[in-house]
Every structure is written in structure tokens, then in C-alpha cells.
Amino acid sequence: MINKKNLWFLTLFSLILVLSVYYITMPSELLMTTNNDYTNTEEVSKTEEPVVNVEESSILTALRIEAEEQVSNELEELQAILVNADASPEEKNLAYEKIKNINNIRTEEEKLEKEINETFNLKAFVKINGDQIRVVISSDKHDSELANNIIRKIQENYEQNKYISVKFQV
């Protein structure tokens, strides 16, 4: 059975497909303008080269966005189980526990990022997956002693040993 979400997806996808086919088959005369106010885009693209400035935190921002998308997708699926009338109480309880676990992990990641920033004055991205903790540091300095100190500082927060990896990105 098709639900509302799938119906919307199919509707929008078919609309995009129809518009794409229409645009491709459209005569090229309609695409050209005769207005003198517009400049020729081919000349502009040949003379100007785009300048891309990459900041140190752009890598960390990209990692945060990717992680946030994964978490939000997982939370959507779990919330759909919670509101589903056909789901059993066990399934709803399991979904609720997973949501609580995801929120606890997010809080823990933010706490570790803040701790690294305060202790070492470095911007960091932390991702926790079970007993594995991945740390990405935005720094020009790639120092094994610094990485070792970061690992020790993170391990202080846990009673059990964790597999902690530190990666430096410029």
C-alpha cells in the first residue's frame, strides 16, 4: 500500500522528470535572449574564474551536516514507528529507547567537543558509534603527542576502554 510520503515523492519526481524532458526538447531559440541588458554568459565564464575559499571549519561543518542528516533520518523512522497505530507496544518501546539512546549520544558528542575546545583550544568533530569514538581535529599541526593527549582526555570520561581515533584535517 502506498502512503502519503511515497505519493508525494512520486508526484514531485514525475513533475521534475516532465519539466526536465520539456526543457531538453525545447527549441534553443527560446532559451536565447535578445535583450541588451544581459551579458553573454559564455564570455563571462571564460574570463572570470570562480574563487573558492575553504575555511578550516568547513570540513568540520560538512561532517556535522552529514551526521545530522543521518541522525534526523533515523529519528524520523523511529518517530514513524511511535505514531504508527499498527505497531506493537514492544516495537514502540524499542523505538522510544533508540530515540533516547540517540539523544544521549548526541549530548555526549557535544560534551566531548566542548571539552576538547576548552582543554586544547582546538575545533573538533566527535562521532560516537558504540565503543568507537572518532575525533576529527581542524588544525595545521599534526602532532602525535597532541593526539595522544586528546585520546587520554577522552578516555578519562569512561570506565571501560574505548577505541578512540584522532584525525587531523587542515
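The values are calculated or read from the model by the stated rules, or taken from the named source; none is laboratory data. Since we're looking at a predicted model, the values are computed, not measured. Every residue, glycine among them, receives a Cβ derived from its backbone with ideal geometry; neighbour counts consider all protein chains shown.
Points worth noting:
- Only one of the listed residues (Leu75, Leu112) is in a helix (DSSP H, G or I), surrounded by 12 or more Cβ atoms within 10 Å (Cβ to Cβ), without any contact (Cβ under 8 Å) to a residue 40 or more places away in the chain and touching a helix residue (DSSP H, G or I) at 6+ places or on another chain (Cβ under 9 Å). That residue is Leu75.
- Restricting attention to the stretch 104-123, the residues being more than 17 Å from Asn148 (Cβ to Cβ) and among the hydroxyl-bearing types (Ser, Thr, Tyr) number 1.
- Only one of Ala124, Ala85, Ala95 that is at pLDDT below 95 and touching an Asp or Glu at 6+ places or on another chain (Cβ under 6 Å): Ala124
- Qualifying residue in the stretch 116-128 (condition: over 19 Å from Ile59 (Cα atoms) and small (Gly, Ala, Ser)): no
- Filtered residues of the stretch 157-166 (kept if surrounded by 12 or more Cβ atoms within 10 Å (Cβ to Cβ) and of a type outside the set (Ser, Thr, Tyr)): Asn157, Lys162, Ile164, Val166
- Taking the criterion of being of a type in the set (Gly, Ala, Ser) and touching a Leu at 6+ places or on another chain (Cβ under 8 Å), the residues of the stretch 119-160 that qualify are Ala124, Ser138, Ser139.
- Any chance Gln169 is under 18 Å from the mean Cα position of the chain (by Cα), more than 30 Å from Lys5 (Cβ to Cβ) and surrounded by 13 or more Cβ atoms within 10 Å (Cβ to Cβ): yes
- Single residue of the stretch 115-156 satisfying the filter (assigned to a loop (DSSP other than H, G, I, E, B) and among the polar types (S, T, N, Q)) that is surrounded by the fewest Cβ atoms within 10 Å (Cβ to Cβ): Asn121
- Some residue of the stretch 81-95 being acidic (Asp, Glu), without any contact (Cβ under 8 Å) to a residue 40 or more places away in the chain and closer than 28 Å to Phe168 by Cα: no
- Residue in the stretch 56-72 that is part of a helix (DSSP H, G or I), at pLDDT 75 or above and over 30 Å from Asp140 (Cα atoms) present: yes
- Look at the stretch 138-155: where a residue is over 17 Å from Asn117 (Cβ atoms) and a partner is of a type in the set (Lys, Arg) and surrounded by 14 or more Cβ atoms within 10 Å (Cβ to Cβ), sitting 6+ places away or on another chain with Cβ atoms under 7 Å, you get Gln155/Lys162.
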